[in-house]
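Read the structure below first, then the notes.
Any read-out appearing in this document is the output of simple, stated calculations on the displayed coordinates, not a laboratory observation. Computed from a predicted structure; not experimentally measured. Cβ: placed from backbone, ideal geometry, glycine included. Neighbour counts: every protein chain shown.
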Ligand SMILES: Cc1cc2nc3c(=O)[nH]c(=O)nc-3n(C[C@H](O)[C@H](O)[C@H](O)COP(=O)(O)OP(=O)(O)OC[C@H]3O[C@@H](n4cnc5c(N)ncnc54)[C@H](O)[C@@H]3O)c2cc1C
């Protein structure tokens, strides 16, 4: 590679932008491909944009001039033709390529009037919803995960009558145990109806029918049922990275962000880590700062999954979790006195090690326990 290697970064989300700026700073000639027509933006703010609580212009990660000043060629062009043998993407030569294509909303194959179903994953999705909602309208959110809950809360703040429908028995992917009741009360106090334990059987022209026969009328239907990684056409199978972020088995192709599914340990099955801005940024930065030397044969790009909290706050409804919330061998102990019915704080223990946190209604005290949980869960050095 020359002193100014050509690096193609495909996908201008949190991982791609972070990688592009660090690579440009390190002297690379960076082309950043974005298949969205707008400036790269802070994705979590899309929910606020959709319900009129944030302006689309205000969520850009960086102003346009920052890309030009850093020497980054930001191209609003989908990367569709990757030729790893020739090392070209859309016909442009690269020395190394960073795949940072993120993920897209997953929509189950619904029966009935499936065309009524909206998703909220891109700015285009958010602007579409923004044009459709109005106070008094009924919104059903399919999916009671954290993103679905946030959407319902923000819709309620905007004056919509929101309902959450979750096929599983509990909200937040069943990760909350007894703490869920506290979260439910807080959500219901905002006028939001919650139906758990029954999936969608059919999309009706003006509502949905659940598997248990109940029907729910609505004006707007939002599906928040998880996401799947974005591949480049013809290369969907190459999404799994080794622990060193090299996309096996393509030479000179590295992955970062939601698209990078990494095995937890050597020879382990790949797994889908939580989708997170922080994780994408950390991976992007690691690639940005170390790719040039690693690619030249100096050093590696070893990645170990960080232990990151999941945080949600809309008004006074808060949910903060961390670590292991599901293993069968955990013991849960509350660390609040239970006097405030709006608050739940508990620590999950494995033996005498704190390994998980469930905080509802407040964040007070979370950071101190976060540190302890991260220390307990940190992988021992090899
Ligand atoms: C509504 C919403 C709320 C969220 N809230 C939170 C939150 O509160 N906290 C949190 O940590 N995480 C949150 N997330 C998850 C978080 O946004 C993602 O984990 C993060 O954006 C991943 O970053 P990324 O760079 O991997 O991918 P992305 O941010 O998805 O960016 C990938 C980009 O690549 C583009 N792309 C795909 N294919 C191509 C191609 N072939 N050519 C060119 N461009 C392409 C995509 O269009 C996209 O612009 C939220 C996600 C959503 C959708």
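Using Cβ counts within 10 Å as a stand-in for footprinting exposure, how do 283, 312 rank, fewest first?
Fewest-to-most ranking of 283, 312: 312, 283.
May I ask you to derive the relative contact order of the chain, considering only C-alpha pairs under 8 Å and at least 6 residues apart, and to give it as an integer percent?
Across the chain, relative contact order equals 16 percent.
Mind telling me which of 335, 141, 117 comes out most flexible in a GNM of the chain, alpha-carbon contacts under 10 Å?
Among 335, 141, 117, the largest GNM mean-square fluctuation belongs to 335.
How would 374, 223 line up from fewest to most surrounding beta-carbon atoms within 10 angstrom?
Ordered by Cβ neighbours within 10 Å, fewest first: 374, 223.
Which of 228, 358 comes first, and how do the rest follow, when ranked by fewest Cβ neighbours within 10 Å?
228, 358
Using only the alpha-carbon atoms, how far is helix 123-132 inclined from the longest principal axis of the chain? Give it as 0 to 90 degrees, nearest 10.
Value to nearest ten degrees: 30.
Compute the angle between helix 366-377 and the longest alpha-carbon principal axis of the chain, please, reported from 0 to 90 degrees and rounded to the nearest 10.
So the helix axis and the longest Cα principal axis differ by about 60 degrees.
Between 0 and 90 degrees, rounded to the nearest ten: what's the tilt of helix 14-25 against the longest Cα principal axis of the chain?
Value to nearest ten degrees: 30.
Just 176, 99, 204 to compare: in a GNM of the chain, with alpha carbon springs under 10 Å, which one fluctuates most?
204
Could you list log10 I(q)/I(0) for the range 310-377 at q = 0.21, 0.28, 0.29 Å⁻¹, which the Debye formula gives when each Cα is one point scatterer?
Result of the Debye calculation: -0.83, -1.28, -1.33.
What whole-number value in cubic angstrom gives the convex hull volume per residue for the C-alpha atoms of the chain?
Dividing the Cα hull volume of the chain by its residues yields 152 Å³.
Pairwise over distinct Cα atoms, reciprocal of the mean inverse distance: report the Kirkwood radius of the range 63-109 in Å, one decimal place.
Hydrodynamic radius (Kirkwood, Cα only) of the range 63-109 equals 13.3 Å.
Cut-off 10 angstrom, C-alpha nodes, Gaussian network model of the chain. Which of 143, 297, 16 fluctuates the most?
Answer for the Gaussian network model of the chain: 297.
Just for the chain, what percent of DSSP beta bridges are antiparallel, to the closest 5?
Bridges in the chain that DSSP calls antiparallel: roughly 55 percent.
Counting alpha carbon pairs within less than 8 Å and at least 6 residues apart, what relative contact order, in whole percent, applies to the range 310-377?
Contact order relative to length: 32 percent.
If you average the C-alpha positions of the range 18-82 and of the range 130-206 separately, how far apart do those two centres end up, in angstrom?
With the range 18-82 and the range 130-206 each reduced to a Cα centre, they are spaced 31 Å.
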